[in-house]
Amino acid sequence: MLDERSILIGLHEATGIGWKRIYDILQQHADLRELPDWDAGRWRRLGMPDKVSQTLPAQLQEDYLLTRLSRYQDKGIQIMTIMDDTYPILMKEIAQPPWVLYTIGRQELLSSFCIGMVGTRVPTAYGRKVAELLAGDMAARGVTVVSGMARGIDSTCHEAALQANGNTIAVLGTGINVIYPPENRSLYHTLSERGLIVSEYPIGTRSSPGLFPQRNRIIAGLSHGSVVVEADVRSGSLITADYAMDSNRDVFAVPGPITSPKSQGTLSLLKQGAILVTGADDIIKEYDSILLNWCDKPYKKEENGDINNAHDSSSMILPDISYLTEDEKTIYLILEQGDANIDELQLQSKFDFGLLHTVLLSLIIKKQISQRSGAIYTLI
């Protein structure tokens, strides 16, 4: 029998199934291993369109899935799901964390200290120079530079990080094996050997304008903060800044000439409260306390105080929850006292809605809680 992880990958790759559909399935059905036994009628009753209902059963069969998974293995592509312990904890805090990530290269970089760097595809000489200086300096000091391997600022940041013998991650807006833009073929191969390439799209997915904004949420999701180097007022780089702000991450912006159209986007961010950057120190100083204590599992806080004691007192009668994040434990311990609706959980946890939504989703995926009608949450 296929495990739940493989079935989640199958759902992710199935034709006509998007993020929201998978979210609904995970909320309503505790055991994904049952799904391959469903016929078209069962999927139709769940609300799937007729065409999807007809094709989905075949796409979740063991032979079909194992054949697809073997293709990734043959190409040297690793697959990570949100169910895996190695899934980046920071990524779970965004509004729509990817269910599946495809990677080539040094997957351990997903657990390193990351800063996103983005900017215009057509930079000025000033913007290109600033990108080189910032990315190179941060990479040389141990920061992993995350960008999108697009033309212009993105490519410059990757190249500068590699030149400094540092770490860098490229998040693609195409399938993991599709090189875009084509002129970055050499950079792609270098990143696959010395850095990491990441995509949420299955192999063969071609470039499409609608995919790149979704890619930007992953850049922001992997990073403690995002730097916009140079951007005009309509630049897609500002989408990354929006995702960062929505996820309560820091946004940095490089000032530029007020007469330059390529600086209008960053100047606007600075007016909105972005942190002004004139050098790598302006970024790194924001994370002094984190970097001083950086280790192999950077996002895991030490357990102490009431949370640790409360866990110990119940360990004889409750499943082991030591692997949960601190935010997940907070919600778990609230629900130990009894079922609660989302308003009660928000009041007691003091989490903002976006974080609470993400934590609840993660606990559902980990089979620690379930949702009943009326948005009531209960321990399993």
Select from region 345-380 the residues that are over 25 Å from the mean Cα position of the chain (by Cα), of a type outside the set (A, V, I, L, M, F, W, C) and assigned to a helix (DSSP H, G or I) and list them in ascending order. GLN348
Hey, can you tell me all the residues within region 335-344 that are under 15 Å from THR378 (Cβ atoms), assigned to a helix (DSSP H, G or I) and either of a type outside the set (A, V, I, L, M) or touching a helix residue (DSSP H, G or I) at 6+ places or on another chain (Cβ under 6 Å) (or both)? GLU336, GLU344
Under 7 Å between Cβ atoms, at least 6 apart or on separate chains: pull out the pairs that start in region 174-188 with a residue that is within 13 Å of ALA150 (Cα to Cα) and end on any residue that is buried (at least 18 other Cβ atoms within 10 Å of the Cβ) and of a type in the set (Gly, Ala, Ser). THR174/SER199; ASN184/SER155; LEU187/SER155
For region 59-76, pairs from a residue that is closer than 18 Å to THR15 by Cα and charged (D, E, K, R) to a residue that is at pLDDT 95 or above and assigned to a helix (DSSP H, G or I), with Cβ under 6 Å and 6 or more apart or across chains, are none
The number of residues in region 58-87 that are open to solvent by 10 Å² or more (accessible area, probe 1.4 Å) and of a type in the set (Ser, Thr, Tyr) is 4
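Does VAL251 count as without any contact (Cβ under 8 Å) to a residue 40 or more places away in the chain and within 19 Å of SER147 (Cα to Cα)? Spell out how you get there, then give the answer.
On the way: without any contact (Cβ under 8 Å) to a residue 40 or more places away in the chain: yes; within 19 Å of SER147 (Cα to Cα): yes.
Spelling it out, VAL251 is indeed without any contact (Cβ under 8 Å) to a residue 40 or more places away in the chain and within 19 Å of SER147 (Cα to Cα).
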ALA244 being touching a helix residue (DSSP H, G or I) at 6+ places or on another chain (Cβ under 7 Å), assigned to a helix (DSSP H, G or I) and touching a residue at least 60 places away in the same chain (Cβ under 8 Å): yes
Do we find that THR55 is over 21 Å from LYS366 (Cα atoms) and open to solvent by less than 80 Å² (accessible area, probe 1.4 Å) in this structure? yes
Tell me yes or no: at least one residue of region 88-101 is without any contact (Cβ under 8 Å) to a residue 24 or more places away in the chain, surrounded by fewer than 20 Cβ atoms within 10 Å (Cβ to Cβ) and farther than 30 Å from GLN163 by Cβ. no
For region 360-380, which residues satisfy the criterion of being in contact (Cβ under 8 Å) with a residue 60 or more places away in the chain, hydrophobic (A, V, I, L, M, F, W, C) and closer than 16 Å to ILE25 by Cβ? LEU361, ILE364, ILE365
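Could you say which residue among THR103, THR86 is under 30 Å from ALA135 (Cα atoms) and assigned to a loop (DSSP other than H, G, I, E, B)?
Working: THR103 fails: assigned to a loop (DSSP other than H, G, I, E, B).
Testing whether each residue is under 30 Å from ALA135 (Cα atoms) and assigned to a loop (DSSP other than H, G, I, E, B) leaves just THR86.
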Counted residues in region 1-35 being under 14 Å from TYR201 (Cα atoms), at pLDDT below 90 and surrounded by 15 or more Cβ atoms within 10 Å (Cβ to Cβ) come to 0
Go through (1) open to solvent by less than 10 Å² (accessible area, probe 1.4 Å); (2) under 18 Å from LEU291 (Cα atoms) and name the single condition ASP137 misses. (1)
Please determine, by comparing only the residues of region 244-269 that are among the hydroxyl-bearing types (Ser, Thr, Tyr) and surrounded by fewer than 23 Cβ atoms within 10 Å (Cβ to Cβ), which one is nearest to the chain's Cα centre (by Cα). SER247
Within region 364-379, track down each residue that is aliphatic (A, V, I, L, M), surrounded by 16 or more Cβ atoms within 10 Å (Cβ to Cβ) and under 11 Å from LEU345 (Cβ atoms). ILE369
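Scan region 183-212 residue by residue and report those that are among the β-branched types (Val, Ile, Thr) and under 21 Å from TYR87 (Cα atoms). Walk me through it before giving the result.
Taking region 183-212 as the starting set, the residues that turn out to be among the β-branched types (Val, Ile, Thr) are 190, 197-198, 203, 205.
Matches in region 183-212: ILE197, VAL198, ILE203.
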Being closer than 15 Å to GLY225 by Cβ and open to solvent by less than 10 Å² (accessible area, probe 1.4 Å) is the filter here; which residues of region 102-118 pass it? PHE113, CYS114, ILE115, GLY116, MET117, VAL118
Residue list for region 19-58, restricted to those being touching a residue at least 60 places away in the same chain (Cβ under 8 Å) and of a type in the set (S, T, N, Q): GLN27
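The values are calculated or read from the model by the stated rules, or taken from the named source; none is laboratory data. Remember, predicted model here, so these are calculated numbers, not experimental data. Note that each Cβ is placed from the backbone with ideal geometry, even for glycine, and that neighbours are counted across all protein chains shown. What goes into the accessible areas is simple: the full protein's heavy atoms, side chains included, and nothing from ligands, DNA or RNA. Shrake-Rupley method; radii C 1.70, N 1.55, O 1.52, S 1.80 Å.
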